[in-house]
1. Restricting to segment 49-58, name every residue that is surrounded by fewer than 18 Cβ atoms within 10 Å (Cβ to Cβ) and within 15 Å of L151 (Cβ to Cβ).
2. Just the residues that are modelled with pLDDT under 90 and surrounded by 12 or more Cβ atoms within 10 Å (Cβ to Cβ), please, taken from segment 142-163.
3. For residues that are among the β-branched types (V, I, T) and touching a helix residue (DSSP H, G or I) at 6+ places or on another chain (Cβ under 9 Å), scanning just segment 65-101, find the one that is nearest to A173 (Cα to Cα).
Amino acid sequence: MKTAIKPRWILMLILAMAIASVFVLLSRWQFSSSSETAPPAPTTTEAVRPLTDVLDPLSPLYATGADQMVSFEGAFVPGARILVQDRLLDGDDGLWVVEGFAVEGPTGDEATATDAEAAVIPVVLGWVPSVEGAASVPEQTGAATVVGRLLPPEAPEVARPVEGQLPTLSTAALSNVWDQPVYAAFVVAAEMTRDGVPVPFAAGLEDVIVGPQPQETPVNWLNIFYAIEWVVFAGFAFFLWWRLVADDHRRSLEDAADAEEARVGGGGSHATAPVAATSGPELTSTTATSSTATSRTTTTRTTGPAGAPAPGPNDTESGTLP
């Protein structure tokens, strides 16, 4: 605990918390991106609204406006027919018949300078099984009122298109073909009226029916995996800080143990060394020396001045008494 509250480790903890906070924010962003926005409810999209209220010319179509049923007035542009390839209807491959429709802008107080030149919106009139079938369908002309579903444009393809045909319904490509400003969307026509009277599009065309989008909210699992990774990174920032503190604490304990060992070893060198026991040979030499000394003393005591042996205590001295 004392190691963790050192100033440098407190600063490192603050840094780890800052890094982890960034990782958590990135994780939240990935989680929020994993669920796409649900499409508008059918109660909203099925209510017919004026096209000019939903989308302006040359403006992008947002998700809130896509799939909306719209109505608009204007006139079909002569010679503005395009066939879109590779369209399926009940499993059969065919083409969409698309014609340009010049939309009238708002009138009165709502009119603006940009409304002076009517923008063209592509209108899908129907499906034909072949190019020959499309040739037998007459082009639409004159003024009309169209009701249909507003859909976002498709991406263009780099393949060289066939004359009068396109591989995708790309409004960017159509603006080059028609040489007019084009809405960034197209409409699949559901009905058409002239002077308030419903009229069919043309004989030989099959209706293209596009229903409202399902209300399922798709989940992007890749974003969820990224979000989990950011959470792991945030936890690793704290783990790395804890590991560094633990290593510092372990080194401190090792240094303290080394210092204690050095202190104990240095104090014992000044103590009085025990007297070593005398080895066998030295003891023998000492004993031998002592015996010699004793012998010498005894000899001195038992030897007379002239070197003759002294009379023993039981010996009787011979000779004449003085």
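1. Once the filter is applied, which keeps residues that are surrounded by fewer than 18 Cβ atoms within 10 Å (Cβ to Cβ) and within 15 Å of L151 (Cβ to Cβ), segment 49-58 yields only R49.
2. Once the filter is applied, which keeps residues that are modelled with pLDDT under 90 and surrounded by 12 or more Cβ atoms within 10 Å (Cβ to Cβ), segment 142-163 yields P156, E157, P161.
3. Going through the qualifying residues, I end up with I82.
The values are calculated or read from the model by the stated rules, or taken from the named source; none is laboratory data. Keep in mind it's a predicted model, so treat the numbers as computed, not measured. All Cβ positions, glycine included, derive from the backbone under ideal geometry; neighbour counts span all protein chains shown.
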